[in-house]
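Presented below is the structure to which this report refers.
The values are calculated or read from the model by the stated rules, or taken from the named source; none is laboratory data. Just so it is clear, the structure is predicted and the values come from calculations on it, not from any experiment. When we count neighbours, we look across all protein chains shown, and the Cβ atoms used for this are built from the backbone with ideal geometry, even at glycine. Side chains are part of the model used for accessible areas, which takes the heavy atoms of the whole protein and leaves out ligands, DNA and RNA. Shrake-Rupley method; radii C 1.70, N 1.55, O 1.52, S 1.80 Å.
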Amino acid sequence: MIAVVKQERRVGAKLEEVKTPELGSEDVLVKVKATALCGTDLHIYEWSPWAQNAGIHPPQIMGHEFSGEIAAVGNAVVNLTPGDYVAGETHIPCGKCYQCRNGQQHICGNLKLFGVHTDGCFAEYAKIPAICAVKIPTTIPPEIGAVFEPLGTALRASLAVKVAGKNVAVIGCGPIGLFAIACSRAMGAANIIATDVVNERLQLSKELGADASLNPAKEDVVDAALEMTRGVGVDVFMDASGSVAAIKQGFQYLRKGGEVALIGLPSEPIELNLGPDIIFKEAKIIGIHGREMFSTWTQMENMIDKGLLNLDPIISHRMPLSEFEKAFELIKTGKGCKVILDPSQT
Ligand SMILES: NC(=O)c1ccc[n+]([C@@H]2O[C@H](COP(=O)([O-])OP(=O)(O)OC[C@H]3O[C@@H](n4cnc5c(N)ncnc54)[C@H](O)[C@@H]3O)[C@@H](O)[C@H]2O)c1
Ligand SMILES: [Zn+2]
Ligand SMILES: [Zn+2]
């Protein structure tokens with residue numbers, strides 16, 4: 001089969017003919033219908049300092065966001081059969097540790113990430129543990145199935161801070177932030193304030209229904225947020241930027257008693273002033289790592305099936321798998337948002 005392979009511990013990847021994966025007893029083989037690029041793939045492609053320390057062992061097939069059709073199942077797989085339509089969950093739980101046995105397998109103590117610690121899905125076929133192949137309705141188009149994974153992270157954050165009826169700020173309008181805006185809108189948020197430093201991204205936030213789209217490099221986000229909330233501050237903010245400055249600033253316009261969901265991964269530690277930022281505010285902060293397995297998936301499926309989420313503006317490009325280099329360039333420059341690759345096209 002054809003696959004995009006990270007060959008060596010340095011920048012780049014190549015399109016190669018490789019063997020179709022052999023299945024273990026608890027694996028399934030999925031014929032990939034659509035696969036999406038994400039910032040993590042860019043890190044691996046560019047072999048960033050994060051990638052160098054993420055436990056990746058080239059040569060390895062890249063990619064982790066996908067949907068497709070089950071082509072074969074391992075001997076011990078009972079819940080899936082060839083022909084089933086599935087999307088990929090990236091978090092591979094061990095099934096044995098404390099978290100796995102207590103309903104939190106998405107933060108398993110021995111967590112492995114599909115496409116980071118294993119071969120991935122930038123290929124005609126992908127091998128994945130059956131537990132990570134989630135059946136979705138055939139009415140959902142493959143490119144939407146391929147973004148269930150990042151969408152679920154954003155939905156989970158929106159659920160965690162209970163956006164209904166609240167004034168919400170979303171920091172960072174990359175795919176995850178934009179998904180959080182779409183979810184917040186669908187879930188009945190009052191005002192949504194979106195921030196980003198890239199104008200194209202702010203434009204997308206407007207298309208998704210943000211009430212204010214602010215560029216912190218050009219305007220005072222704290223003033224604007226206080227003004228929009230009659231001097232009170234936002235009820236909640238979700239960070240999907242990983243920007244140290246933006247996260248610190250968020251605590252300045254978070255109201256007393258407010259809640260925060262942190263998704264973005266800062267590249268360095270953040271210094272907060274615990275008294276005013278958290279303690280006297282009684283702020284609640286929750287870290288979000290992926291999706292609950294599998295309640296978030298069920299909620300996503302329900303919302304998409306019902307047509308509650310407007311995701312079209314977020315999917316910016318569709319191209320054959322062979323054009324992966326162009327796809328990486330698009331997300332690197334911010335010209336593309338969610339780029340979908342199709343392995344059946346060459
Ligand atoms: N916690 C998780 O489970 C999880 C999963 C996937 C991704 N992530 C992280 O979430 C973040 C968002 O992911 P993405 O795929 O949307 O990434 P992305 O890089 O496409 O989006 C980040 C956005 O933040 C913007 N930004 C940068 N500085 C800013 C600032 N000062 N103020 C406002 N916006 C700013 C960027 O212009 C960009 O549009 C990344 O940090 C990623 O590593 C976390
Ligand atoms: Zn991803
Ligand atoms: Zn575990």
- Message: Which trypsin sites (Lys or Arg not before Pro) in the range 243-321 sit in a loop by DSSP (not H, G, I, E or B) and have at most 10 other Cβ atoms within 10 Å of their own Cβ?
- Response: Lys306
- Task: Calculate for the chain the 222 nm mean residue ellipticity that helices alone would give, adding -39,500 (n - 2.57) per DSSP H run of length 4 or more and normalising by residue count, nearest 500 deg cm²/dmol.
- Result: -7500 deg cm²/dmol
- Task: Identify which of Glu69, Glu271, Glu207 has the largest mean-square fluctuation in a Gaussian network model of the chain, with springs joining Cα atoms closer than 10 Å.
- Result: Glu271
- Item | Amide proton proximity set for Glu65, modelled H, under 5 Å, gap of 5+ | Ala36
- Task: Given the options Gly257, Gly177, Gly336, state which has the largest fluctuation in a GNM of the chain using a 10 Å cut-off (strictly under) for Cα springs.
- Result: Gly257
- Rank Ser316, Ser213, Ser205 by mean-square fluctuation in a GNM of the chain with C-alpha springs under 10 angstrom and give only the top-ranked residue. Ser316
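Would you mind counting up the charge near Asn215? Only other residues with Cβ under 11 Å from its Cβ, with Lys and Arg at +1 and Asp and Glu at -1. Provide the component values of the computation, followed by the final result.
Working: positive: Arg201, Lys218; negative: Asp196, Glu219, Asp220.
With Lys, Arg at +1 and Asp, Glu at -1, the net is -1.
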- Task: Calculate how steeply helix 244-253 sits against the longest principal axis of the alpha-carbon atoms of the chain, using the helix alpha-carbon long axis, and give the answer as 0 to 90 degrees to the nearest 10.
- Result: 40
- Report the normalised scattering of the range 109-236 as log10 I(q)/I(0) at q = 0.15, 0.16, 0.17, 0.21 Å⁻¹, calculated by the Debye formula with identical scatterers on the alpha carbons. -0.79, -0.86, -0.92, -1.16
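From the mean inverse distance of alpha carbon pairs (Kirkwood) and the Cα radius of gyration, derive Rg over Rh for the range 54-159. Write down the numbers at each step before the final one.
Details: Rg = 14.0 Å, Rh = 14.6 Å.
Here Rg/Rh amounts to 0.96.
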- Note on the structure: For the chain the mean separation of alpha carbon contacts under 8 Å (6+ apart) over residue count, i.e. relative contact order in percent, is 17
- Query: Under 26 Å Cα-Cα from Lys96, which lysines qualify once same-chain neighbours fewer than 8 residues away are excluded?
  - Reply: Lys112, Lys127, Lys135
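Could you please state how large a percent of the accessible area of the chain is carbon and sulfur, counting protein chains only and using a 1.4 Å probe?
Accessible surface attributable to carbon and sulfur in the chain totals 50 percent.
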- Message: Just to confirm, what accessible area per residue do you get for the range 151-287 at 1.4 Å probe, in whole Å²?
- Response: 43
